[in-house]
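Written below as structure tokens is the structure these notes are about.
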Amino acid sequence: MDIKPDRMVYLGYGKYWRSDAIVGLMPIEEGRGPGRRTDVYTATLDDPIVASRSEQAILADMAVASDDMMRLQEAHEILSDVADAFADLSDVLRRMLLHEAKFDVDLWSRRIRRVLRAELPPEEDADQSELFS
């Protein structure tokens with residue numbers, strides 16, 4: 001697994017830690033309860049941080065996005081751009097497309113927005129490297 005450096009990882013309950021400083025994750029088996037899901041070991045602390053998120057969720061936030069995730073993000077951006085372009089079309093052009101080409105801009109716009117809402121990818125972090133300068 002490739003860890004994306006300079007990324008803040010949310011550990012739950014207002015706790016964040018730098019991704020490249022996390023060295024280990026251990027699910028809490030005994031005494032697990034609200035706010036106690038994973039022990040997060042870091043390079044700078046002797047004792048682990050108790051996180052309220054699962055180790056899989058923390059790992060997903062730490063890792064570099066896979067090729068599939070990159071393609072999904074690109075598709076999401078393209079659909080968003082198309083939906084924005086549809087919103088800018090004039091009413092006259094919409095009617096022309098509907099009557100002449102049987103292309104319903106409003107229908108496609110609704111479908112695209114529905115897909116965008118249902119398939120929101122995990123938030124891609126903005127470049128956070130300036131946080132550590």
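The values are calculated or read from the model by the stated rules, or taken from the named source; none is laboratory data. Just so you know, these numbers come straight off a predicted model, no measurement behind them. As a convention, Cβ positions derive from the backbone with ideal geometry for all residues, glycine included, and neighbour counts pool all protein chains shown. When the accessible area is computed, the model is the full protein with side chains, heavy atoms only, and any ligands, DNA or RNA have been set aside. Shrake-Rupley method; radii C 1.70, N 1.55, O 1.52, S 1.80 Å.
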Practice prompt. Could you please tell me which pairs satisfy a Cβ distance under 6 Å, a separation of 6+ or placement on different chains, a first residue in region 43-55 that is within 15 Å of Tyr16 (Cβ to Cβ), and a second residue that is assigned to a loop (DSSP other than H, G, I, E, B) and aromatic (Phe, Trp, Tyr)?
Written response: Ser52/Tyr13
Discussion item. I'm trying to understand the selection: among the residues of region 12-26, which are open to solvent by less than 50 Å² (accessible area, probe 1.4 Å) and at pLDDT below 90?
Written reply: Gly12, Ser19
Worksheet item: Among the residues of region 52-69, is any open to solvent by 70 Å² or more (accessible area, probe 1.4 Å), modelled with pLDDT of 85 or more and either within 19 Å of Tyr10 (Cβ to Cβ) or in a helix (DSSP H, G or I) (or both)?
Response: no
Discussion item. Against the definition (part of a strand (DSSP E or B), within 15 Å of the chain's Cα centre (by Cα) and of a type outside the set (Phe, Trp, Tyr)), how does Val9 come out, yes or no?
Written reply: yes
Worksheet item: Restricting attention to region 94-115, which residues are open to solvent by 70 Å² or more (accessible area, probe 1.4 Å) and either under 29 Å from the mean Cα position of the chain (by Cα) or in contact (Cβ under 8 Å) with a residue 12 or more places away in the chain (or both)?
Response: Asp106, Leu107, Trp108, Arg110, Arg111, Arg113, Arg114
Item to complete: Being open to solvent by 80 Å² or more (accessible area, probe 1.4 Å) and within 17 Å of Asp61 (Cβ to Cβ) is the filter; apply it to region 27-46 and report the residue that is modelled with the highest pLDDT.
Response: Tyr41
Worksheet item: Quick check: is even one residue across region 42-62 among the acidic types (Asp, Glu) and within 30 Å of Arg114 (Cα to Cα)?
Response: yes
